[in-house]
Amino acid sequence: MSSKANRKRRCEIRPPGMELEPQTGHDAGTRPAAFRILVITDQVRQFEKIERLCRQWPTIDARLTWESDAKEAASIIAQRRYDVALVDDCGTINAVDVLQRSTGEGSPSIVVFAEHDSARGEIVLEAGATDWVTAPELSPQLLERVIHYAFDRERVLNLLRSSQERARHRASHDALTGLPNRATFLDRIEAVLARSRVEPSYHFCVLVVDLDRFKVINESLGHQNGDRLIVEAARRLKRALSSLDTLARLGGDEFGVLMDSAHDLRAAEGMAAALQAQCSDPFLVDTHSLHVSTSIGISFVESSAVNPEEVLLNADTAMYGAKSRGGSCYTVFGEEMRSQAMRLFDLETELRLAVENEEFEVFYQPIYDVASGDLNGAEALVRWRHPRHGVVSPAEFIPLAEETGLIVEIGQQVLHQACRQAAQWNLERRNGPPLSISVNISPVQFHKGVVMRDVLAALASSGLSPHALRIEITESLLMQEISAAVRVLRELGARGIAVDLDDFGTGYSSLSYLADLPVSRLKIDRAFVSAITEGSGRAKIAQAIISLAHSLDLEVTAEGVENEEQLAVLQVLGCQHVQGFLFSRPVPAEDFSALWRSRACA
């Protein structure tokens, strides 16, 4: 047999005549019906010896292929076309060279040495061999055993590799959408930052996309439907991206987009518009048709002197800027946003300390009876006595307190302070009509379900009569939590606690709800009161609110009364109660006490 003619020889022991196909792997739990064995040797006799040994296996089919070219053999091993490779190291073929050329990642390989050599055995094992044997000791039984061992070891390694790959995928991808997660997204930002460091002209951008009102949808329709919305949103957003871009789920209803190549800000803004367009059509979730807009923040990166977290934070900050503008828009990050974000961060830190140290003080604005002129009530308004900045307006910290949930604890402190103070004032003037105290309740307190608990605790600790307490809620709160709010309002009313509907006319409520709401008083917003003498549209709205309240047997309080002309018009229209700068600004308790005593003596 000439070596050239027989450089490659296939020996198919059973069944004969079957063509060999590339190895594609076997089921993890089973051995193959026929072992595909690649014999790598430059010696015909060695191949024939192995062939004779395989013929003696009583139950195992074997299909042997002979390869005498070391380079070609390494390539075949790397392609994993065989169950096992036998590498003959007895002739001129160097087993270590073959294994290293195959990168050690191919088919399991067994090396055959001419004689026992433990040192060289360690070397071939390090190079990627599964096992090694010596030619003199080869027998059908030994060959069968080492081949079975090699295959079983490879099967276990495959299972382990598959498990590790799944674990890596779980660690790097979002379980719900299958998108890259936040950690992977940051890694990809780092990769493009590395590119920008060596290519100064290379620019990219990161966008953060947030679904508007997702929290309301999630809580109203359930988390399962919320998940369906997230999955569909991910599918739509991906349609706007090119193959070079990355879409990731950062958490909750927040997605990240990495535009791998954005030549200028216009391209980034074009991407934001495309993402919003993908979400413009209604989402069909279960039986619900949902209109979901998006708020998008853009961080256009022109400098490599940043880190991935900073790039993502900038886009996130811009997204919250879009949210603050009412949502359904996009905002580009600017340095002024960073300063504002730092101010908010510092404010939140100080606000938490203020809650712990009880730095909040209640100011009181008197409420007068229009007909008699009596001071018969007060609205409790919180102020923050900052240790360095003095009195801080609620307009500066209430939105942040609501966003962080700190408003719940602040609301508790206000309720307790106001009830204690009102109880003391009423105790001082036992013979006169009682003073009622009006306390605002945040929508967040309703959402947390703590209103009844906090109100009853404040009444119990202060000794204030429930009939002297009025709870003020906003019209917008009712529209968000109508069912839950009505239940709480009825509980309050059953205990003798009155409820006022604040800022009436500024929301979008349906008048059909108003007749059935357990409220006793409407408060006209100052925006309508300020125009009441002008004959404008707003003045007509104020007149209509008073007329509507009378038809429903509700009282009316006008806020923001600043001059005698406004007061005179309100008297003619039948408004029962007024408050505003005409009478007094909100004042600390001691100043209100003096005013209360002076009115009592008048």
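I need the Debye-formula profile for region 150-263: one equal scatterer per C-alpha, no solvent, reported as log10 I(q)/I(0) at q = 0.13, 0.20, 0.23 1/Å, two decimals.
One equal scatterer on each Cα of region 150-263 leads to -0.64, -1.04, -1.22.
Which percent of the accessible heavy-atom area of region 75-218 goes to carbon and sulfur, probe 1.4 angstrom? Spell out each step's value before the answer.
Numbers: 3550 of 6980 Å².
C and S fraction of accessible area: 51 percent.
Which one, 318, 285, 299, is farthest towards the positive end of the dipole of region 262-319 when Lys and Arg carry +1 and Asp and Glu -1 on their Cβ?
285
So if I place +1 on the C-beta of Lys and Arg and -1 on the C-beta of Asp and Glu, and nothing else carries charge, what would the dipole magnitude of the chain be about its Cα centre? I want it in debye, nearest 20. List each step's numbers first, then the result.
Numbers: 63 positive and 83 negative charges, 310 e Å.
With Lys and Arg at +1 and Asp and Glu at -1, about 1480 debye.
Once label points are set 7 Å from the Cα along Cα→Cβ at both residue 213 and residue 135, what is their separation, rounded to one decimal in nm?
Result for the modelled spin labels: 8.2 nm.
Under Stokes-Einstein, with the Kirkwood radius over Cα pairs standing in for Rh, what whole-number D in µm²/s applies to region 213-270 at 4 °C and 1.567 mPa s?
Working: Rh = 12.8 Å.
This corresponds to a translational diffusion coefficient of 101 µm²/s.
log10 I(q)/I(0), Debye, Cα-only the chain, no solvent, q = 0.11, 0.12 Å⁻¹?
So the normalised log intensities work out to -1.09, -1.17.
How about region 303-383: which GluC sites (Glu not before Pro) there lie in a loop by DSSP and see at most 15 other Cβ atoms within 10 Å? Numbers along the way, then the final one.
Numbers: sites: 309, 310, 335, 336, 348, 350, 356, 358, 359, 361, 379; in loops: 358, 359.
Taking region 303-383 and a limit of 15 other Cβ atoms within 10 Å, the loop GluC sites (Glu not before Pro) found are 358.
At a 1.4 Å probe, what is the % contribution of carbon and sulfur to the accessible area of region 392-493? Don't skip to the answer; put the middle values down first.
Values: 2290 of 4440 Å².
Within region 392-493, the accessible surface is 52 percent carbon and sulfur.
At 0.36 nm per residue, minus the direct Cα-Cα distance, what do residue 169 and residue 491 gain on full extension? Give it in nm, one decimal, please.
Net length gain for the segment: 110.8 nm.
For region 315-368, which whole percent of the accessible surface, found with a 1.4 angstrom probe, sits on carbon and sulfur atoms? If you can, show how the numbers build up before the last one.
Numbers: 1470 of 2810 Å².
Answer for region 315-368: carbon and sulfur cover 52 percent of the accessible area.
Pop a pseudo-label 7 angstrom from the Cα along the beta-carbon direction at both residue 120 and residue 361 and give the gap in nm to one decimal.
9.3 nm
At q = 0.08, 0.10, 0.15, 0.21 Å⁻¹, what base-10 log of I(q)/I(0) does the Debye formula yield for region 326-477 when every alpha carbon is treated as an equal point scatterer in vacuo?
Summing over Cα pairs of region 326-477 leads to -0.29, -0.43, -0.86, -1.36.
Rounded to the nearest 0.05, what FRET efficiency do residue 515 and residue 395 give with R0 = 30 Å and r taken as the Cβ-Cβ distance? Could you check? Walk me through the numbers on the way to the answer.
Working: r = 33 Å, r/R0 = 1.10.
In this case the efficiency is close to 0.35.
Per the Cauchy relation, a quarter of the hull surface: what is the mean projected area of the convex hull of the alpha carbons in region 188-346, in nm²? Walk me through the intermediate numbers first.
Details: hull surface 38.1 nm².
Over every viewing direction, the Cα hull of region 188-346 projects on average to 9.5 nm².
Per residue and in cubic angstrom, what volume does the convex hull of the Cα atoms of region 537-597 have? Before the final figure, lay out each step's value.
Working: hull volume 6.0 nm³, N = 61.
Output value, Cα hull per residue: 98 Å³.
Can you compute the modelled spin-label distance between residue 187 and residue 540, with each label point 7 Å from Cα toward Cβ, in nm?
Spacing of the two 7 Å Cα→Cβ label points: 6.5 nm.
Work out how much length residue 581 to residue 235 would gain on full extension: take 0.36 nm times their residue separation and subtract the Cα-Cα distance, in nm to one decimal. Spell out each step's value before the answer.
Numbers: separation 346, 0.36 × 346 = 124.56 nm, distance 5.52 nm.
Gain on stretching residue 581 to residue 235: 119.0 nm.
For the chain, with every protein chain kept in place, what is the accessible area per residue (1.4 Å probe, Å²)? Present the calculation step by step, with values, prior to reporting the outcome.
Working: 29380 Å² over 602 residues.
Value for the chain: 49 Å² per residue.
Efficiency by 1/(1 + (r/R0)^6): what FRET value for residue 346 and residue 224, r their Cβ-Cβ distance, R0 = 30 Å, to the nearest 0.05? Walk me through the intermediate numbers first.
Working: r = 39 Å, r/R0 = 1.31.
FRET efficiency, residue 346 to residue 224: 0.15.
How much net charge surrounds residue 416 when only other residues with a Cβ under 15 Å from its Cβ are counted (Lys, Arg +1; Asp, Glu -1)? Provide the component values of the computation, followed by the final result.
On the way: positive: 420, 453; negative: 358, 359, 361, 409, 454.
For residues surrounding residue 416, the net value is -3.
Between residue 448 and residue 263, what's the calculated FRET efficiency when r is the beta-carbon distance and R0 is 51 Å? Round to 0.05. Intermediate results must be reported in sequence, preceding the final value.
Working: r = 48 Å, r/R0 = 0.94.
According to the calculation, E is roughly 0.60.
Give, rounded to the nearest 20 debye, the magnitude of the charge dipole that region 38-165 has about its Cα centre when Lys and Arg contribute +1 at Cβ and Asp and Glu contribute -1 at Cβ. Can you show the working numbers first?
Working: 14 positive and 22 negative charges, 67 e Å.
It works out to roughly 320 debye.
Report, to two decimal places, the Cα Rg of region 189-232 normalised by 2.2 N^0.38 Å (N = number of residues). Could you put the intermediate results ahead of the total?
On the way: Rg = 18.0 Å, N = 44, 2.2 N^0.38 = 9.3 Å.
My calculation over the Cα atoms of region 189-232 gives 1.94.
Using alpha-carbon positions, what is the distance between the centroids of region 65-100 and region 154-176, in Å?
Using only Cα atoms, the two centres lie 29 Å from each other.
The values are calculated or read from the model by the stated rules, or taken from the named source; none is laboratory data. This structure is a prediction, so every number in the text was calculated from the model and none was measured. Methodologically, a virtual Cβ is constructed for each residue, glycine included, from the backbone with ideal geometry; neighbour enumeration extends over all protein chains shown. Side chains are part of the model used for accessible areas, which takes the heavy atoms of the whole protein and leaves out ligands, DNA and RNA. Shrake-Rupley method; radii C 1.70, N 1.55, O 1.52, S 1.80 Å.
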